[in-house]
1. Where Lys and Arg each count +1 and Asp and Glu each count -1, what net charge lies around residue 379 among other residues with Cβ under 13 Å from its Cβ?
2. Under the rule that an exposed site lies in a DSSP loop and has at most 12 other Cβ atoms within 10 Å, name the longest stretch of the chain with no chymotrypsin sites (Phe, Trp or Tyr not before Pro) of that kind, not counting the sites themselves.
3. Accessible surface of residue 456 in the full protein assembly, 1.4 angstrom probe, to the nearest 10 Å²?
4. Pairs of Cα atoms under 8 Å, at least six residues apart: use those to get the relative contact order of region 276-422, whole percent.
5. Report the normalised scattering of region 127-247 as log10 I(q)/I(0) at q = 0.16, 0.18, 0.20, 0.23 Å⁻¹, calculated by the Debye formula with identical scatterers on the alpha carbons.
6. List the trypsin sites (Lys or Arg not before Pro) within region 175-234 that fall in a DSSP loop (any state other than H, G, I, E or B) and whose Cβ has at most 14 other Cβ atoms within 10 Å.
7. So if I take the centroid of the Cα atoms in region 304-366 and the same for region 160-238, what is the distance between those two points in Å?
8. Find how many whole Å separate the alpha carbon centroid of region 373-425 from the alpha carbon centroid of region 113-133.
Amino acid sequence: MDLAVDLSHRTGRTDAIYRALRGALTTGRVPAGERLPSTRDLARDLGVSRASVATAYERLVAEGFLESRPGAGTYATEAANDAPPARRRGTGALRPRAGWHWSPRPTSADAAAPDHDFRVGIPDASLFPFDTWRRLLAAESRAGGPAAGAYGSPAGLPRFRAAVARYVSGARGVHAGPDDVIATTGAQQALDLVARVLLEPGDVVAVEDPGYPEARELFALHGARVVPVPVDAEGLVVDEIPERARLVYTTPSHQFPLGMPLSLARRRALLAHARRHGTAVVEDDYDSEFRRTRRPLEPLQALDRDGRVVYVGTFSKSLLPGLRAGYLVAPPSLRDALLAARQLTDGHGAVHVQAALARFLDDGLLARHVRKASARYAERHEILLDALADLPVAPVPSAAGLHVAAHLPEDGGVDSRTLVARARRRSVALESLATYATGPHRDGIVLGIGNAVTSSIRPGIRVLASLLDP
């Protein structure tokens, strides 16, 4: 029997042999009643292990395409020739709904890290205490662990919510008890839950411009009319928020991506606007743990007296994105609706991860990790600013976070998109400010320090300097 088998098939050798045999059987190239080679002979001919062939034979026997006769060999059955041949899967007749224009974005895991890594939003995984985390996770994953064998609450594990409430109250000044906290798989899920509960198609959502693209796109995905609102040196320009806005999304502690905090006067103005127009405010506090001042301004949630602010937090920056752990603090009036939305779309999170995180928080391990990481990030921040001083750029002052934005000269020269493309070819990764903006804005670049190797910062900036000429 001549059998062509593509042993480089991505699904493995056994599956490749199975597919080739099935094709030969269903197309009649191996007629009913014909004896197949022994597993030993076919394995020798193909240059594979006998086990790979035997497993493929066993699968075809179970499906009725082959018949094993003890002492006589393996034979093709009548059913094999009657079966429809396997067809190559086409592109498919199904299409997304009308108006769908979204495609998945590239992620930081899609490619190897460049020599000079200034990508935004990536923490330094080498600083994470993996041994400690492994021990905590193993302890919480043993039989009889939290909610073993049961479906968890959409709110999250009670002791995780209690630990988060203590943490955000002490570290950020958020007013929260355990019942106010809902566990999420990160900030993006928190935004999705809020959108599901609050927005109807056509509702106006005000977002910062420049701002976080994934939030902007998520609200649009839910049918909202997203309106960009400019930011200046004091943060979001509250007077530019449309009166009809159902929701305002903001990053007041460390404006993304420019970096300035929302001034106290603007915070009060935003809350007054929300009270006057019945607007919900989503406060995304995505990386303020890494601050370079003693104490940030009070969060909007702590200043809110009307229950109009939903506070969103994540451990993706302070720990690791791969943990998929975050939370939101919601006013009581939204709690049941948000829990129902979580239950209907995701059920609940990984309770053993939440249990391990609860211990991580309560044992002071997060605070210790943040202190260690903050010192490392502060060093990189200082080196980056010092290196940028030799370039014709204007860094935006920032007191927190894992990135620095810098405006390019206004009198011409290379634009940010061209600069980023040129830098990529020299193994320098950074981002264009243009990718975060929808309206008119001053051009610039954004450089992350989270995953940057300290010794590579100055060499990377020297490469940028050589690329800034038109």
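1. For residues surrounding residue 379, the net value is +2.
2. Answer - 152-470.
3. Approximately 10 Å² for this residue.
4. Relative CO of region 276-422 lands at 24 percent.
5. -0.99, -1.09, -1.17, -1.26
6. Those that pass, being in a loop and sparsely packed, number zero.
7. 12
8. 19
The values are calculated or read from the model by the stated rules, or taken from the named source; none is laboratory data. Keep in mind that what you see is a predicted model, and the values were worked out from it rather than measured. Heads up, the Cβs are rebuilt from the backbone with ideal geometry, glycines too, and the neighbour counts pull from every protein chain shown. Heads up: the accessible areas ignore ligands, DNA and RNA and are worked out on the full protein's heavy atoms, side chains in. Shrake-Rupley method; radii C 1.70, N 1.55, O 1.52, S 1.80 Å.
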